[in-house]
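K.L.:
My questions all concern the structure below.
The values are calculated or read from the model by the stated rules, or taken from the named source; none is laboratory data. Every value quoted in this text rests on a predicted model; they were computed, and no experiment measured them. So basically every Cβ, Gly included, is an ideal-geometry build from the backbone, and we count neighbours across all protein chains shown. These area figures cover heavy atoms from the full protein model, side chains too; ligands, DNA and RNA do not enter into them. Shrake-Rupley method; radii C 1.70, N 1.55, O 1.52, S 1.80 Å.
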Amino acid sequence: MTTVNTEKLSSARFAEATDAFVEEFTASVSFDQRMARQDIEGSLAHAAMLCKIGILTEQELADIRSGLAQIGGEIERGEFIWSIKQEDVHMNIEARLTDLIGIAGKKLHTGRSRNDQVATDIRLYLRSEIEMILLQLQRLQVALLDLAEREADTIMPGFTHLQVAQPVTFGHHLMAWFEMLCRDKERLQDCSKRLNVMPLGAAALAGTSYPIDRFMTAELLGFSRPSNNSLDSVSDRDFAIEFAAAGSLIMLHLSRFSEELVLWASAQFNFIDIPDAFCTGSSIMPQKKNPDVPELVRGKSGRVAGHLVSLLMLMKSQPLAYNKDNQEDKEPLFDTADTLINSLRAFADMMPRIQAKRENMYNAAKRGFATATDLADYLVRKGMPFRDAHEVVGQAVRLGLQTERDLSELTLDELQGFSETISSDVFDILKLEGSVAARNHIGGTAPDTVRQAICDARQQIPF
């Protein structure tokens, strides 16, 4: 006797039940149920459109709305029973709707397929997640601006190759982080524009013979327009890859921030204090205060970059149109969104409470001959060719190394021994304060310039 798995809405084609392992292996409901709200939202818009074109009656539309509202409540309260026999979030909700309202529930799928349905749900989901990510990103930007303003005069060493290069201000350094986040924000906003195109109505791959109104559905769902090609509509995951790429860059930036925070909090640098609430201790060493939050964010950057690679590999050999491979797009996307939101939130909460150890920063800037370039520029302004000035300063640095003194600690006679061009006014530019104040052009590290940059930046933040 032939056995048929009659519990599946799509089971009539099959002469035997799905193997139990295969059923579990191919099901996605364990993770795609998080798109339930978007699935219900899409179904409500689709039902309204079907009613407009005469596929559904007004009463059937009312029944569908009532049934979906009940299902939404059950899901929100944790009462909804999810079944892997229905494979995914879409079929679970449709099966429950049919149980509740009967034949009208079966009519809801007219003119659409799970292929365009899932493509629509993912876009709705990502659109919502991007809004939350942008909110946390902006919180972090505000925190950086506040801290940068507080530390606009705080002098610290600027580094290249992790060697002392020139003095900068801590506020200026923080504003470099802010600029990275500005680009991240623009990338997410740009990604949202391409994301906000509606595939619903493409059906399985070739559109539908029903006289659907895709413009109506797009408007109801807040999409900018319906998609142009049915084949591309159901198989396109460019938007997902683009989101993962933007997310990878955000996490890359947070990882760079984290690396500096970890270094600065170490006893060797001792530039900052990270609040206890964002650190943990050691199970064996009672003196330890470990910067776990920045370390963990630094580590999480790798998983997001890995998700980008996973999505690229997922799509690289797929023929048109939809393929089951695409079921594998959701978990990387979900985890990318979660990781971004949590990492940005952690930083936004932590940065306002970072304490700069200003004296330590200042003393570190006095080491490593941070004003050597200022001395070379001084000589150039006095008429010396830059390459000759570079040589003179190199000789002065050598003397400083031999005598363990900073350039500002050398005597005028010693400096004039390298060049008679040098006069007593040289000590104004050899001081750290004079060095940073001289860089008062746009983008420079002078405190007043930093404050102006902060003021300009605040005009770009909506709160």
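K.L.:
P(r) for segment 252-297, please, calculated from all Cα pair distances in 5 Å bins and given in %.
P.N.:
5, 23, 30, 27, 12, 3, 1
K.L.:
Would you mind counting up the charge near Leu311? Only other residues with Cβ under 12 Å from its Cβ, with Lys and Arg at +1 and Asp and Glu at -1.
P.N.:
Working: positive: Arg237, Lys316, Lys330; negative: Asp238, Glu242, Asp325, Glu328, Asp329, Glu331, Asp335.
Once positives and negatives cancel, what remains is -4.
K.L.:
Based on DSSP H runs of at least 4 residues, each adding -39500 (n - 2.57), what is the mean residue ellipticity at 222 nm of the chain after dividing by all its residues, to the nearest 500 deg cm²/dmol?
P.N.:
-19500 deg cm²/dmol
K.L.:
Lysine pairs in segment 279-339 with Cα distance under 29 Å, only those 8 or more apart or on different chains: how many are there?
P.N.:
7
K.L.:
What angle, in degrees between 0 and 90 and rounded to the nearest 10, separates the Cα long axis of helix 170-195 from the longest principal axis of the Cα atoms of the chain?
P.N.:
For helix 170-195, the angle is close to 20 degrees.
K.L.:
Heavy atoms only, probe 1.4 Å: what % of the accessible area of segment 256-349 goes to carbon and sulfur, would you let me know?
P.N.:
Here carbon and sulfur together make up 54 percent of the probe-accessible area.
K.L.:
With a cap of 12 neighbouring Cβ atoms within 10 Å, and only residues DSSP puts in a loop, list the GluC sites (Glu not before Pro) found in segment 13-48.
P.N.:
Glu16
K.L.:
Follow-up question, since we're still on this one. Give the lysines whose C-alpha is closer than 18 Å to that of Lys52, dropping any in the same chain fewer than 8 places away, or say none.
P.N.:
The qualifying lysines are Lys106, Lys107.
K.L.:
Please give every one of the lysines within straight-line cross-link reach of Lys382, meaning a C-alpha to C-alpha distance under 28 Å, and leave out same-chain neighbours fewer than 8 residues apart.
P.N.:
Of all the lysines, those that pass the test against Lys382 - Cα under 28 Å, at least 8 places apart if same chain - are Lys366, Lys431.
K.L.:
While we're on this one: Between Glu219 and Ser30, what length in nm is gained on full extension when 0.36 nm per residue of separation is reduced by their alpha carbon distance?
P.N.:
Stretched fully, the Glu219-Ser30 segment lengthens by 65.0 nm.
K.L.:
Just in segment 79-184: which GluC sites (Glu not before Pro) are loop by DSSP and have at most 10 other Cβ atoms within 10 Å?
P.N.:
Details: sites: Glu79, Glu87, Glu94, Glu129, Glu131, Glu149, Glu151, Glu179; in loops: Glu79, Glu87, Glu151.
Passing sites in segment 79-184 are Glu79.
K.L.:
In addition: If you line up the long axis of helix 386-403 against the longest principal axis of the chain, both from Cα atoms, how many degrees apart are they, to the nearest 10?
P.N.:
80 degrees
K.L.:
Right, another one. Where does segment 306-405 land on Rg(C-alpha)/(2.2 N^0.38 Å)? Walk me through the numbers before you get to the answer.
P.N.:
Details: Rg = 27.4 Å, N = 100, 2.2 N^0.38 = 12.7 Å.
So segment 306-405 has a normalised radius of gyration of 2.16.
K.L.:
Where the eigenvalues come from the Cα gyration tensor of the chain, what are the semi-axes √(5λ) of the equivalent ellipsoid, largest first, in whole Å? Please report the intermediate quantities before stating the final value.
P.N.:
Numbers: eigenvalues 768, 101, 73 Å².
Largest first, the chain gives 62, 22, 19 Å.
K.L.:
While we're looking at this one, here's another question. What list of ³J(HN,Hα) values in whole Hz, one per residue of segment 410-427 in order, does the Karplus curve 6.51 cos²θ - 1.76 cosθ + 1.60 (θ = phi - 60°) give from phi, with Gly and Pro shown as x?
P.N.:
6, 7, 4, 4, 5, 5, 5, x, 8, 6, 6, 5, 6, 10, 5, 5, 4, 5
K.L.:
Give the angle, between 0 and 90 degrees and rounded to the nearest 10, that separates the Cα long axis of helix 58-76 from the longest principal axis of the Cα atoms of the chain.
P.N.:
Tilt of helix 58-76: around 50 degrees.
K.L.:
Counting other Cβ atoms within 10 Å, keep those with at most 11, restrict to DSSP loop, and tell me which chymotrypsin sites (Phe, Trp or Tyr not before Pro) in segment 367-408 are left. Walk me through the numbers before you get to the answer.
P.N.:
Working: sites: Phe369, Tyr378, Phe386; in loops: Phe369.
Hits after loop and neighbour filter: nothing returned.
K.L.:
Could you give the dipole magnitude of segment 249-293 about its Cα centre, charging the beta-carbon of Lys and Arg +1 and that of Asp and Glu -1, in debye to the nearest 20?
P.N.:
Values: 3 positive and 5 negative charges, 17 e Å.
It comes to approximately 80 debye.
K.L.:
Counting only Cα, what are the radius of gyration and maximum Cα-Cα distance Dmax of segment 351-438, in Å?
P.N.:
Taking only Cα atoms of segment 351-438, I get Rg and Dmax of 14.4, 49 Å.
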